[in-house]
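The values are calculated or read from the model by the stated rules, or taken from the named source; none is laboratory data. Here the structure is a predicted model, which means the values were calculated and not measured. Cβ coordinates were reconstructed from backbone atoms using ideal geometry, including for glycine residues, and neighbour counts include every protein chain displayed. We work out accessible area using only protein heavy atoms, side chains counted, and drop any ligands, DNA or RNA first. Shrake-Rupley method; radii C 1.70, N 1.55, O 1.52, S 1.80 Å.
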Amino acid sequence: MKSSNQAYLYALAAILLWSTVATAFKLALSHFTPLQLVFVAVSTSIVALGVILAATGKLHLIRRQFVNRPWFYLQTGLLNPFLYYLVLFKAYALLPAQQALSLNYTWAILLPLLAVPLLKQKLRKSDLTAALIAYLGVFVIATNGEVASVRFESATGVLLALTSTLLWSLYWIVNTKDEGDPVVSLLLSFMVGLPFIVITLLLTQSLPSWDLKALGAGIYVGLFEMGVTFVLWLVALKKADRTASMSTLVFITPVLSVGFIAWILQETITPSTFIGLGLILTALALQQLLPQLKRLRTKTGPALTPEN
């Protein structure tokens, strides 16, 4: 099989798995508190990533990368998994899965806006246009379609979901300075973040239930939100002829996620979710397409007119 065809298979496998995790979050949160779920999922992911690194002969890189940049991994570990997943799971506990999912997808809109002050990048008109459209979608979802009355079903849940996008964007901005193996870096972030999770859990709550059904849900989240799926996506990007072609496949994820939410969780997908998610996906598409169209116009030059 061609490398490019393998890339699509790996990418589609990753997308299918990521599409199930919003549903898995809600199922797991029926057994665990958000912090307990973070503990189970992160512990699972550490084991899974460790096995993957052992199988690929990269375990020796763990100590080398950490010793070279301990402060870097302290930052990434605090952001992800500790703060990001704690805030995200709390948002899922307070909101319908369809709302939390849609709001969380705006991180890709926020990321280039934060890159302007933090990475000294230029602000593009396409980013501003995408932000306006996306956050209009956020407003529609957050108010459950009652835009005129500005009434929120759970203002705290909406705030937490949007805060999760800030934390995730900051994590990726910090990650632009990563010079090591990405799987090793993810494992180190989780290993550094785990003690903060454990200490917070012991000081504030009880240990999670050992019920097999509950543990199964938490392990699923750890494997297919945090660990294995990330590696599948990295392999897809390495094998792809064009990274951009892989990126466009991500738009399938929220659509499939909404389908799983309706099917498994039996949530009635509201018109406001369809409208808001449609606006967010439109914004993401414009964010990618507008710069490409601009470059194309620059290469081809001005169109011929009667005057020239």
Query - Principal axes of segment 80-217: Cα extent on each, largest first, Å - result: 47, 42, 25
Query raised in the report: Taking the chain, how many lysine pairs are there with alpha carbons less than 24 Å apart, if each pair must be eight or more places apart or span two chains?
Result: 17
Report summary line: At q = 0.15 Å⁻¹, the log10 of I(q)/I(0) for segment 193-281 from a Debye sum over equal Cα scatterers comes to -0.93
Query raised in the report: Rounded to the nearest 0.05, what FRET efficiency do V116 and T163 have when you use their Cβ-Cβ distance and R0 = 22 Å?
Result: 0.65
**Report entry** Normalised per residue, the volume of the convex hull around the Cα set of the chain (Å³)
**Finding:** 179
Query raised in the report: Once both labels are modelled 7 Å past Cα along the beta-carbon direction, what's the K177-A54 spacing in nm?
Result: 3.3
Report task. Using a 1.4 angstrom probe, figure out how much accessible area the chain has per residue, in square angstrom, rounded to the nearest whole. Result -> 50
Requested in this report: Sticking to Cα atoms, compute the Rg of segment 36-96 to one decimal and its Dmax as the biggest Cα-Cα distance, whole number, in Å.
Outcome: 14.3, 43
Query raised in the report: After finding the eigenvalues of the alpha carbon gyration tensor for segment 11-62, what semi-axes result from the square roots of 5 times each, listed largest first in whole Å?
Result: 26, 17, 6
Query - Under the span-like rule (Cα at least 27 Å along the axis, Kyte-Doolittle mean at least -0.5), DSSP H helices of the chain - result: 3-29, 34-55, 155-175, 182-204, 271-300
Report summary line: If N is the residue count of segment 1-156, its Cα Rg over 2.2 N^0.38 Å rounds to 1.29
Query - Where only alpha carbons of segment 89-141 are counted, the Rg and the Dmax (Å) - result: 13.0, 37
Query raised in the report: segment 245-288: D in µm²/s via Stokes-Einstein (Kirkwood Rh, Cα pairs, 20 °C, 1.002 mPa s)?
Result: 189
**Report entry** Principal axis dimensions, largest first and in whole angstrom, of segment 101-169 by Cα
**Finding:** 38, 23, 17
Query - Extension reserve of the L249-S209 stretch, reckoned as 0.36 nm per residue once the Cα distance is removed - result: 10.7 nm
